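The values are calculated or read from the model by the stated rules, or taken from the named source; none is laboratory data. The structure presented is a predicted model; accordingly, all values stated were derived computationally and were not measured. Cβ coordinates were reconstructed from backbone atoms using ideal geometry, including for glycine residues, and neighbour counts include every protein chain displayed.
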Amino acid sequence: MYPGDGGDAEALARNAATAMRHAKEQRTSAFRFFDDRMETRALERLKFEFRLRRALEKGEFEVHYQPQVDIASRALTGAEALIRWNDPELGPISPAIFIPTAESSGLIVAIGQWVLREVCRQIVTWKAAGHAVPRIAVNLSFLQFRRPDFLESVTAILTESCVSGDQLEFELTESVVMHDAEQAITILTQLRALGIELAIDDFGTGYSSLDRLKRMPIQTLKIDRSFISDVTRNADDAAIVSAILSMAHSLNLKVVAEGVETEAQLAFLAGRRCDAAQGYLLSRPIAADRFARLLRDRDARRIAAAD
C-alpha cells in the first residue's frame, strides 16, 4: 500500500509480489499484506538455499541407513536410506528443516538423484566386501517422480553402477501416487519391470482410494509413526493400525511399522501379524560403516547356523 510499502510503482510491485509468494505458501485460499519482515525471511531463505546448493556441490551430505527387522524372527530384512547434512558452520541440520527448502527450490530432484547414486555405490561396496546385502529403500519426492526423464535417470543410474533393480525399494507417499493415479500406475509398472519393489510411505495419513490402491503394483505399506506412537494407549490408533494390517494382508501386501520405540508397541504389532518394523527400539539410522558391521554379524550367524 502506498506510500508505506513503496514510494514508486516498481517498489510497490516488488513488495506486492513478495506478499503474494507468502500467500501462496499457505497452500489454501489466503491473502497477505506486505511487511518488512517478509523481505528479511525471504533473504534468509535465499541464503539457506545457497548453503543447500553448496552442500550438494561440496559433498556435505551423507546417507545413513535405518534397519528394518522382521518382527517374528528379529532378523534384518532391509534398511531405509536417510539423507543427513552436516554443515561446516552450522553443524548437523535436520532433514525436517532442509528438505522443505529443497522441495520449494527444486533442488530435491538433484539431491534425490545423488541419494540414489550413493545408495547404489554403497551396495556395490558392501557386496565387494562379501556381504549379502538386503533390499535398500529410497524415498522419492513428488518432483522427482513426476519428471519426464525420471525413468530414464533411474535406468541410467542402475546401469552405470551395475546394481540390479531387485536390490532397491522406492518409497512414495500417498499424495505422490494418488495425484494423477493413472499416470502413476504406468510409471510404477515400469519401475516394477526393472525389478524395483514399491512401498507406500506414511500410509494412513493421506486419502488413498482403495480401488486405485489395489491396481497399483506395490508390495509394501508403511504405517506412519503417528499411529504407532500411541497404539498401546489410544483405542482409535489401535483400531486404525489393526484395520491397515487386515486390509494389507488381504491384498497380499507386506506391512512395515515406522517409529517403533517400545517393546509394548512391538508386542502389539506382533500380535496382529505385522511383518516388519523400524524405529529407535531396534536401531537409529546409522552410517554405512556401522551398517556394514550389522551385515557382517548377520553373515557370521548364517555361517554358524550352516555349520
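The single residue among 93, 97 that is under 24 Å from the mean Cα position of the chain (by Cα), surrounded by fewer than 16 Cβ atoms within 10 Å (Cβ to Cβ) and free of Cβ contacts under 8 Å to residues at least 24 places away in the same chain turns out to be 97. Among the residues making up segment 142-199, those that are more than 18 Å from residue 254 (Cβ to Cβ), aromatic (Phe, Trp, Tyr) and out of contact with any His (no Cβ under 8 Å at 6 or more places or on another chain) are 145, 150.
Looking only at residues in segment 166-186 that are out of contact with any strand residue (DSSP E or B) (no Cβ under 7 Å at 6 or more places or on another chain) and crowded, with 18+ Cβ neighbours inside 10 Å, the one that is modelled with the highest pLDDT is 184. The set of residues in segment 208-240 that are β-branched (Val, Ile, Thr) and within 29 Å of residue 186 (Cα to Cα) comprises 218, 220, 223.
Against the definition (within 30 Å of residue 266 (Cβ to Cβ), part of a strand (DSSP E or B) and in contact (Cβ under 8 Å) with a residue 40 or more places away in the chain), how does residue 83 come out, yes or no? Before you say what the answer is, go through the steps one by one.
On the way: within 30 Å of residue 266 (Cβ to Cβ): yes; part of a strand (DSSP E or B): yes; in contact (Cβ under 8 Å) with a residue 40 or more places away in the chain: no.
No: the conditions fail for residue 83.
If you go through segment 241-262 one residue at a time, do you hit one that is in a helix (DSSP H, G or I), out of contact with any Gly (no Cβ under 8 Å at 6 or more places or on another chain) and among the charged types (D, E, K, R)? The answer is no, given that none of the residues of segment 241-262 is in a helix (DSSP H, G or I), out of contact with any Gly (no Cβ under 8 Å at 6 or more places or on another chain) and among the charged types (D, E, K, R). Listed by first and then second residue, the pairs linking a residue in segment 203-225 that is among the acidic types (Asp, Glu) to a residue that is modelled with pLDDT of 80 or more, with Cβ atoms under 9 Å apart and 6 or more places separating them unless they lie on different chains, are 224/201; 224/202; 224/203; 224/258; 224/259.
Residue by residue, here is whether (1) modelled with pLDDT under 95; (2) more than 18 Å from residue 285 (Cα to Cα); (3) in contact with a strand residue (DSSP E or B) (Cβ under 7 Å, 6 or more places away or on another chain) holds:
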| site | (1), (2), (3) |
| --- | --- |
| 66 | no, no, yes |
| 84 | no, no, yes |
| 97 | yes, no, no |
| 117 | no, yes, no |
| 123 | no, no, yes |
| 127 | no, yes, no |
